[in-house]
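Read through the structure below, which is laid out as structure tokens, and then see the notes.
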Amino acid sequence: MKILVLNCGSSSLKYQLIDMTNQQAIANGLVERIGLPGAILTHRKGADKFVIDHEKQLANGLVITDHKTAVALVIKALTCDKIGIITSMDEISAVGHRVVHGGEKYASSVIINADVMKVLNECSKLAPLHNPANITGIMACQELMPTTPMVAVFDTAFHQTMPVEAYIYSLPYEIYTEHKVRRYGFHGTSHKYVANEAAKLLGKNLNELKIITCHLGNGASVAAIKHGKSVDTSMGFTPLAGLTMGTRCGDIDPSIIAYLAHEMDLSVDEIDNMMNKKSGVLGLSGISSDFRDIETAAEQGNQRAQLALDVFTYHVKKYIGAYAAAMNGVDAIVFTAGLGENDKVTRANVIEGISFLGVNIDAEKNNVRGQARIISTNDSKVTALLIPTNEELMIAQETQELI
Ligand code: ADP
């Protein structure tokens, strides 16, 4: 069985075709700049990479004007004689769509039908930057593949198990009941996947473990996973909360917004834009949102770059401590995503700062990138692990289960 996994952004579309017999991606790619000049498809089959740019498409009479043309181009690439991997679209048994927000309605993945589409549209209010693009991608697929089953896999679903004291904000209760303002949490597919994989690597039952998963990428979040269920997570009503991130500020005193509105004569939207796009390690360092650039600058003695790294490490440590308390213990701490998988220095700095929990980094084991393994010393009471995330595989697995 082959499953197509799609992740639609407002102007991009990421895809992977996964062969479920061996759970391997047999092709993947990315369409960028949908609807804009210079749109481009990068398609990979094994080690081969093919780039189909705007000019080539124009020459072939194809322009990526919208998500439907983007999906059509992806299907064309997958089924084409030269760069394709399947003979016809019929070989795709199902499509798994990443959907950012499922609100309180969805605590697990769901087969898409007209009722589900209605709920997804309602949830757009909660995720105006993401859900509309996800919905556009689903509709484009439905038009082109009307008989293929489609499944929605939500970033929020895994966190729906949080107890009320973890998800409620101390605002008037009606703000929750009438406006649905509460902690939802995101990156759920990734937290769930790496927690499962960590249990497998430890040879233990997930239902017996207390795990803290640290998804540290450009967007970053920490989750407390008790006996396989998310009981708390650092992102909140939106993905702006929690840790400092590439460009997002994470937790700040909410009164700062009113203060800045008066003091700097800024609108709420301008402040929102500042908190989402100009803050985090970019705002602190003034250099970049990419940790690699910041680390280089810090090595060259740039103090604000060092400050950004220190703040990030401090936030991760603080959340691990909080979640160890929330679960009244912790057995394993997992690092994943771009920074968590590739940056041994940040992993070591975080672990060194929480040695009171009984975890110590093994420098040799930690000297690795993107490989699932234990990175703490054998005598550690709490095990630290590196587990590469694979959200696409998780989406494909959930899609396969449902169909
Ligand atoms: P997202 O999916 O949120 O965009 P990723 O999980 O792909 O983010 O992570 C991307 C980030 O990972 C980059 O911005 C960079 O900061 C960080 N990163 C990747 N490789 C390294 C590395 N070798 N050292 C430090 N940071 C890295």
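More than 9 Å from the ligand (Cβ to nearest atom), among the charged types (D, E, K, R) and either surrounded by 20 or more Cβ atoms within 10 Å (Cβ to Cβ) or in contact (Cβ under 8 Å) with a residue 12 or more places away in the chain (or both): is that true of Arg347 in this structure?
Yes, satisfied.
Pull up the range 153-204, narrow it to residues that are among the aromatic types (Phe, Trp, Tyr) and in contact with a Leu (Cβ under 9 Å, 6 or more places away or on another chain), then point me to the one that is least open to solvent (accessible area, probe 1.4 Å).
Here the answer is Tyr184.
Given (1) within 16 Å of the ligand (Cβ to nearest atom); (2) within 16 Å of His315 (Cα to Cα), where does Gly353 come up short, assuming only one miss?
All conditions pass for Gly353, except number (1).
I'm trying to understand the selection: among the residues of the range 373-403, which are part of a loop (DSSP other than H, G, I, E, B), within 16 Å of the ligand (Cβ to nearest atom) and in contact with a strand residue (DSSP E or B) (Cβ under 8 Å, 6 or more places away or on another chain)?
Of everything in the range 373-403, those that are part of a loop (DSSP other than H, G, I, E, B), within 16 Å of the ligand (Cβ to nearest atom) and in contact with a strand residue (DSSP E or B) (Cβ under 8 Å, 6 or more places away or on another chain) turn out to be Ile375, Ile387, Pro388, Thr389.
Taking the range 250-283, which residues are surrounded by fewer than 20 Cβ atoms within 10 Å (Cβ to Cβ) and touching a helix residue (DSSP H, G or I) at 6+ places or on another chain (Cβ under 7 Å)?
Ile257, Leu260, Ala261, Leu266, Val268, Ile271
What's the number of the condition Asn196 fails, among (1) part of a helix (DSSP H, G or I); (2) over 19 Å from Lys118 (Cα atoms); (3) away from the ligand (no atom under 16 Å from the Cβ); (4) in contact with a strand residue (DSSP E or B) (Cβ under 8 Å, 6 or more places away or on another chain)?
(4)
Could you list all residues from the range 220-241 that are within 16 Å of the ligand (Cβ to nearest atom) and either among the hydroxyl-bearing types (Ser, Thr, Tyr) or open to solvent by less than 10 Å² (accessible area, probe 1.4 Å) (or both)?
Scanning the range 220-241 gives Ala220, Ser221, Val222, Ala223, Thr233, Ser234, Met235, Thr238.
With the condition kept exactly as written, say whether any residue in the range 267-278 is assigned to a helix (DSSP H, G or I) and within 15 Å of the ligand (Cβ to nearest atom).
Scanning the range 267-278 turns up at least one residue that is assigned to a helix (DSSP H, G or I) and within 15 Å of the ligand (Cβ to nearest atom).
Restricting the range 61-83 to residues that are among the hydroxyl-bearing types (Ser, Thr, Tyr) and within 17 Å of Asn134 (Cα to Cα), which is least open to solvent (accessible area, probe 1.4 Å)?
For the range 61-83, the residue satisfying everything is Thr69.
Quick one: in the range 325-344, which of the residues that are open to solvent by less than 10 Å² (accessible area, probe 1.4 Å) and assigned to a helix (DSSP H, G or I) is nearest to the ligand (Cβ to nearest atom)?
Applying the filter and picking the extreme gives Ala337.
The values are calculated or read from the model by the stated rules, or taken from the named source; none is laboratory data. As the structure is a prediction and not an experimental result, all values here were calculated from the model. Don't worry about glycine lacking a Cβ; one is built from the backbone with ideal geometry, like all the others, and counts go over all protein chains shown. To get the accessible areas, we keep the full protein, side chains included, count just its heavy atoms, and leave off ligands, DNA and RNA. Shrake-Rupley method; radii C 1.70, N 1.55, O 1.52, S 1.80 Å.
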